[in-house]
Amino acid sequence: MTVPSLDRKALDMRRGACPALSAPMMTGDGLLARIALIDAISAGQLAELCRLAQRHGNGILDISARGNLQARGLTEISATILDTEVRALNLPLREGLAVEAPPFAGLDETEIVDPRPVAEAIRQAARGIEGLAPKMCLVVDGHGRLRLSHLLADIRLVAVRSGESIRWKLLLGGPEATGKICGIFNEADAIATAISLLRKLAAMGNRARGRDLADGLPVNTDVPPPVSPFGRFALSNGVYAIGLGPAFGQAKAESLIMLSERTEQLGIKFLKPALDHSLLFFGTHEACKALSDFAGQNGFITSSADPRGHIAACPGSPACTSATIATHDIASEAAAECADLLDGSFKLHVTGCPKGCAHPEPSALTLCGTADGISLIGRGKAAEPPFASVSFADTNASLRRIADFVRTERREGENSAACLARLGTDRLAAAVTSGRP
Ligand code: SF4
């Protein structure tokens, strides 16, 4: 038998490059391949993917913040075999440009419009456009219950009502909160404008991003608060969904196989990996409840109240050689000890190094591993200057001091993000270093 060799030219090994299935990215625990889906799969297909991750990698799978499955610990040869065998499963794999729609699109009575036809039209029209940035991404959002507002997008179309008609607000760059408004269009013009912007970006070279076209445009101001995918949802036509997830977006294959087997026993036909490291399962009310109970008993996040769902932690040490800290251990301790700080108003970012893979956007509070200890960053990205630095041994105690300070200072009705912002980094630094405000 001839073992296929990996086409090194096809690999995009640059730091931060999008690790697609056929172009895996090198990480601290080997190559990482992304399995990006554009539709639901069955529990049997998820189990089969997990078995492939066990056979060809180290059996650890991530569900990314954007809802992609990632198989870790691959070698050059095993990544090629995984690629072939995943394709043989006949999954709805995304090929080409990432054009994302919310996971309940078409099933959500609260959405203004089903965004999938617009997303598909853009996908088709963009097929011939060469030379875009590897991580170029479009979001087409029907303005329903689970939105993709906090995810970065080069171009974002958001459905809006205009009297009796439906129109599309086109934003450039950022999450929705900081995207710049390019215009509000009817459907045909929104698609045509998105394609014309993509052509413009392609002509600017493969480093050009949506934000590069946004100079001078007004910032979006109409942004709803994020909704957690964890918990139960009543959808249209009597369909229910339950959102579950492994802690910090990472699971062993055997644990997901066990969940898949229970899913099949309960007669749940479809699932989708989705935003915020979740898996959404679609079935009857009873089946969703039974699966939620089973998942909760087996350590999965099943509720938006679980503080682990409010922490973004990268794989950290030992999985990634760039990491100086065991991010998941720190995050687990933080969830157990600082649950009131983690009220869902922000994501606590725990990162093994300043690259900040788990949360590219700014966070109200970040713990970042460095060569000498931990940097604490307020209202910024992991690479931004810290307001305090502490020793490795003092990490969780420092976080507890911040949680105690917020508990003492919190005003009535104020959430943690607002309280942290109001207190400011000087007072937080004083609380960390002295243990007192
Ligand atoms: S952020 Fe985490 S996963 Fe990414 S390179 Fe740094 S340590 Fe590794």
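Values computed for the structure shown
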quantity: Residues of the range 355-391 that turn out to be among the charged types (D, E, K, R), more than 11 Å from the ligand (Cβ to nearest atom) and closer than 20 Å to T321 by Cβ, as a count; calculated: 1
quantity: Filter result for A319 (open to solvent by 10 Å² or more (accessible area, probe 1.4 Å) and at pLDDT below 95); calculated: yes
quantity: The lone exception for K135 - which of (1) open to solvent by 60 Å² or more (accessible area, probe 1.4 Å); (2) in the same structural domain as A274 (by TED's automatic domain parsing); (3) not small (G, A, S) it fails; calculated: (2)
quantity: Number of the exception - R145 against (1) surrounded by fewer than 21 Cβ atoms within 10 Å (Cβ to Cβ); (2) part of a strand (DSSP E or B); calculated: (2)
quantity: Tally, over the range 350-375, of residues that are closer than 22 Å to A319 by Cα and open to solvent by less than 10 Å² (accessible area, probe 1.4 Å); calculated: 10
quantity: A203 aliphatic (A, V, I, L, M) and either open to solvent by 10 Å² or more (accessible area, probe 1.4 Å) or at pLDDT below 95 (or both); calculated: yes
quantity: The lone exception for G299 - which of (1) within 16 Å of the ligand (Cβ to nearest atom); (2) not in a helix (DSSP H, G or I) it fails; calculated: (1)
quantity: Count of residues meeting criterion [closer than 19 Å to G369 by Cα and among the polar types (S, T, N, Q)] in the range 283-341; calculated: 6
quantity: Residue satisfying all of: in the range 161-174; in contact (Cβ under 8 Å) with a residue 40 or more places away in the chain and open to solvent by 30 Å² or more (accessible area, probe 1.4 Å); farthest from I195 (Cα to Cα) among these; calculated: R161
quantity: Residue that is most open to solvent (accessible area, probe 1.4 Å) [pool: residues in the range 119-132 that are assigned to a loop (DSSP other than H, G, I, E, B) and in contact (Cβ under 8 Å) with a residue 60 or more places away in the chain]; calculated: E130
quantity: Per-region count, the range 37-58, residues open to solvent by 10 Å² or more (accessible area, probe 1.4 Å) and not in a helix (DSSP H, G or I); calculated: 7
quantity: First in the range 306-317 and touching a residue at least 12 places away in the same chain (Cβ under 8 Å) and under 14 Å from K355 (Cβ atoms), second anywhere and part of a helix (DSSP H, G or I) and of a type in the set (A, V, I, L, M, F, W, C), Cβ under 6 Å, 6 or more apart; calculated: A313/F248; A313/A331
quantity: Count of the range 148-190 residues which are in contact with a Gly (Cβ under 6 Å, 6 or more places away or on another chain) and closer than 16 Å to E111 by Cβ; calculated: 2
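The values are calculated or read from the model by the stated rules, or taken from the named source; none is laboratory data. Please read all numbers here as calculations on a predicted model, not as lab measurements. Every residue, glycine as well, gets a Cβ built from its backbone with ideal geometry; the counts of neighbours run over all protein chains shown. Protein only, heavy atoms only, side chains kept; ligands, DNA and RNA dropped before computing areas. Shrake-Rupley method; radii C 1.70, N 1.55, O 1.52, S 1.80 Å.
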